[in-house]
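Note sheet for the following structure.
The values are calculated or read from the model by the stated rules, or taken from the named source; none is laboratory data. Note that this is a predicted model, so its numbers are computed, not measured. All Cβ positions, even for glycine, are placed from backbone atoms using ideal geometry, and neighbour counts span all protein chains on display. For the accessible areas, the whole protein counts, side chains as well, though only heavy atoms, and no ligand, DNA or RNA atoms are used. Shrake-Rupley method; radii C 1.70, N 1.55, O 1.52, S 1.80 Å.
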Amino acid sequence: MPNRTTNYFAIVLLLVGLLAAAVIGEKILLEKFVSETRSDTQNQLRFYHVQLEANLQSDTQLVKGLVAVIASNPDITQDEFSTAAKPLFEMGSSLRNIAVAPDMVVRYVYPIIGNEGVIGLDYTKKEDQFDMVELARTSGKIALAGPVELVQGGSGFISRIPVVTGTKDGNSRFWGMISAVIDVEKLYKKSGLMDAEIPLEIAIRGKDGAGAKGAVFFGRADLFDANPVAANIPIPNGSWQMAAIPKGGWPVEPNNLWIIRAAFASIAMLIIFPFFALARATGRLSENELKLRGLYELSPLGIALTDMRGRYLEFNDAFQNICGYQKDELNSLDYWALTPEKYTEDEARQLESLEKTGQYGPYEKEYRRKDGSLIPIRLNGLLIKDSKGKDCIWSIVEDISERKASEATLRKLSQAIEQAGESVIITSRQGIIEYVNAAFTTITGYLPEDVLGKNPRVLKSGNQSEEFYERLWRTISSGNIWHSSVIDRKKDGSEYPAIMSISPIFDESGEITHYVGIQQDMTAHQTLEDKFRQAQKMEALGTLVGGIAHDFNNMLAGITGNLYLAKRKVEGLPDAQEKLDNISKLSFRAAEMIQQLLVFARKGTIEMKLFGLTSFMKEAFKLSATTIPENIVLNTELCREELIIKGDATQIQQVLMNLLNNARDALANTPSPEIHVKLESFRADKHFTSSHPEIHSAQFAHLKVSDNGCGISEHDQEHIFEPFFTSKEVGEGSGLGLPMAYGAVQSHGGHLEIESRVGIGTSVHIYLPLIKESIHTVTAEGEAVSVQGSGELILIVDDNTEILHTNKEVLESLGYQVLIASDGLEAVERFAANKETVQLIIMDIVMPKMGGVMAFERIKEMSPDAKVIFATGYDMDETLESEMPSVEYEVLSKPYDIIQLSKLVRTKLDLQ
């Protein structure tokens, strides 16, 4: 019995021991199970936490690139904004739309379709959004709100990014707000939260960054009361709290608890079952690890694990592609081998952040790839512990080269438009101005703030009809490009000519959204055209004058020759002599008028010599001033230095006299008449050079003749350089003064311009190129006495019968014998018959049958020592350029002075 009792007691004791062991074992197993389950759940949650944080930061950082674009171009238009924003939606982001709100009112949105309702939204009046917008504005940092109900429908997270621009005084000002809507569903799906296979139930709270105190916006709110594992997700303005439990809730007890309880029945089952349970647990962990591994390998972002010294422990294929290295090569490298030295300070700051907060970034830098090239990246990092408790760093690396290239392209396009020489204006489809570049301000005088929000009709000058604008609008609104020349009005009221083209801008669906107009100021071009037309007029007049000069000069030659003969016959009649002298003077004045016309048309013969203009003006002024009445105050201001020019002193004297006479006549009814003459040195600046591209000199003598007379009307100023145009009374002016002055100055390679206002006065500016050479002196002429001949035989050749016989009689009166011929062919025959006795030939150049030059060449073949004086009534520089003899021969211009002729004949005859 005792034995039985003992055995029973032993059995009971054994049972109690076994029961106690079972209870203790069950407790230990339960605690271990809870610990492992929470650890497993925590690791799984960490993966989704990292994915969600990385995707959220990636979307936010993409939008930050737009801040630089807007800061460099505060006047950005919808079209420019759409061009900048479009690439962000093509990079796999979760962005739904981006809105830009200058001064807190939404003006632009991309994409427009489906988001039209947000345009015009005033954040200051939207109570449910204002707090976060104001937080971003006052803090100057990104604020993430949401999820919120959107004006355009649906909900999303809104990243508020303030935009600050610089001012002219170097300060900064708040420009407005960029609001990026992150699609809630896309973000969750991209982060794996919506996967059907997810082993966890997850909830997130902390709306608007309120952390654990914020509202739940994902998952069940009661999950936070189910003893979940949790992780904080930092966002720019706070944090979110992410909680998770296993799907179906926390198990109350482990599935293998029955093994301990079955120990009473079978010791074998107690030993076998733990191994079976362990295999099941291991299989479950392997399955979860496989899912995480798949996400890790397929992630488009580079993911790398390094130790605290930067050595790579693990990395995915995306990371290898970014770096350009093979796996075995990366295993032998560390973080610093990929980091250029210029980022040393930045890296130190990021490591400091890692030590303090357990994470670093996001921040942007460059990796040096295997081929030596640099690739822009964005980094995020998280400090973790491995299975042995050692610190490691998980890093997420994003290739942002495409984004950087898009930003660079946007900046390039923006600067190209802003710095273009042509005016660029962009309007909405309704014709409201949204953008103008700097050239627009330069050409029109309007600042951007003067015209933005207005219609381009502010430039309307009235020179184009309403039908013109209707045709323009029909063209561009039908999708075609319009080209035309216009005359528009500047801000100051002045008008300017322009060539303009307007093109429609289409969106992706082919709809017109805007119009762009490019305008080129044609003021300088029109000025050149006006000068060209004036030059054509001058050339036409020159052709006319050159043609009639021959006939006039021939007639005048006959008149002056006969006058010389007549005066010799009436030497004893003083009255008759006086009348003939007057006729002779009038004849030569007529010849001078012809010469003035030739000079005006730049066809006359001028004698260009070097002389000092300053000294010349002093003497010339004395002569010209005698024509100015004493009641007119005459002021002179001549520079001290001698200004050397190359020119015709006679022409310069005539120019000065004409200008003084015009000034004198303009002062006829002026109470206090004054004329001011000023001579100074002038160096051409950029404005002068660009206004007168035909002039190549840099240093000029500047002659200015001013009066305070009646002035010249704008209408008359258009014609004052036309020959015979005059505003004076009949008989008071020939209309050749200013045209002659203009032609003379042009012949000297200079420029003449006039400033005049009716009732104020007139200023004439003359610019003559300066020469750095010594002055050549001019010899004085001899006394006006004819030289007699000694019976020498002279052959006169001219196709004009009157001149031929008059010159014959004049030369005979001077004591010469004369033979005559009416053309070159006859001259050759006459000389051939008298070649032993003819001592000099006076030969007209242009004649029928054979010209003078060819005739003399024939004569030279017969008598190489033959002497000749050529004569012509034509313009020698232009009309006879191809007919003129070589420079070794004397050429007389008709009409010629008889005394000068006698001296020249004598000189030629005396030459050996």
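Cα gyration tensor of the stretch 793-910, axes a ≥ b ≥ c as square roots of the eigenvalues: rounded (a/c below 1.5), prolate (a/b > b/c) or oblate? Intermediate values should be presented prior to the final figure.
Working: a/c = 1.32, a/b = 1.07, b/c = 1.24.
Judged from the Cα gyration tensor, the stretch 793-910 comes out rounded (a/c under 1.5).
Report, ordered by chain and residue number, the aspartates and glutamates lying within cross-link reach of residue 64, taken as a straight Cα distance under 14 Å and ignoring same-chain residues fewer than 8 apart. Candidates past the 8-residue exclusion: 364, 407.
Ligands, DNA and RNA excluded, the heavy atoms of residue 113 present near 130 Å² of accessible surface to a 1.4 Å solvent probe.
Accessible surface calculations at 1.4 Å, restricted to protein heavy atoms, place the stretch 407-526 at 54 Å² per residue.
Please compute the contact order of the stretch 363-521 in relative form: average sequence separation of alpha-carbon pairs under 8 Å and at least six residues apart, divided by the residue count, as a percent. Could you put the intermediate results ahead of the total?
On the way: 265 pairs, mean separation 25.9, N = 159.
For the stretch 363-521, the relative contact order is 16 percent.
Here the gap between residue 172 and residue 492, fully extended at 0.36 nm per residue and compared with their Cα-Cα distance, gives a gain of 112.1 nm. Between residue 888 and residue 833, what FRET efficiency follows from the Cβ-Cβ distance if R0 is 35 Å, with the result rounded to 0.05? FRET efficiency, residue 888 to residue 833: 0.85.
The residue list 526, 500, 468 was ranked by how far each Cα lies along the charge dipole of the stretch 407-526 toward its positive end, using unit charges on Cβ atoms, and 526 comes out on top.
By accessible area, using a 1.4 Å probe on protein heavy atoms only, the stretch 793-910 has 46% of its surface on carbon and sulfur.
What full-extension length gain, to one decimal in nm, is calculated for residue 575 and residue 391 as 0.36 nm per residue of separation minus the Cα-Cα distance? Could the numbers behind the result be given before it?
Working: separation 184, 0.36 × 184 = 66.24 nm, distance 13.21 nm.
Gain on extension, residue 575 to residue 391, equals 53.0 nm.
Between residue 39 and residue 371, the FRET efficiency from the beta-carbon distance, with R0 = 60 Å, is close to 0.90. Sequentially through the stretch 381-387, phi angles give Karplus couplings (6.51, -1.76, 1.60; θ = phi - 60°) of x, 9, 8, 9, 10, 7, 5 Hz, Gly and Pro residues having no value and appearing as x.
Between residue 316 and 303, the built amide H atoms are under 5 Å apart, and every one of these is 5 or more places off in sequence or on another chain.
Anything over 21 Å Cα to Cα? Flag those among 342/404; 213/385; 849/903; 342/365, in the order listed. Listed pairs above 21 Å: 213/385; 849/903.
Applying Stokes-Einstein at 25 °C and 0.890 mPa s to the Kirkwood radius of the stretch 605-769, computed over alpha-carbon pairs, gives a translational diffusion coefficient of 150 µm² s⁻¹.
Carbon-plus-sulfur accessible fraction, the stretch 139-205 (probe radius 1.4 Å, protein heavy atoms only): 48%. Looking at the stretch 605-769, the accessible area is 50 square angstrom per residue; that uses a 1.4 Å probe and ignores ligands, DNA and RNA. Once C-alpha pairs closer than 8 Å and six or more residues apart are averaged by separation and normalised to the residue number of the stretch 376-416, the relative contact order reads 38 percent.
Rounded to a whole number, what % of the accessible area of the stretch 297-405 do carbon and sulfur atoms account for, probe 1.4 Å? The value for the stretch 297-405 is 49 percent carbon and sulfur by accessible area.
Could you do me a favour and compute the accessible area per residue for the stretch 167-212, 1.4 Å probe, result in Å²?
On the way: 2110 Å² over 46 residues.
On a per-residue basis, the stretch 167-212 sits at 46 Å².
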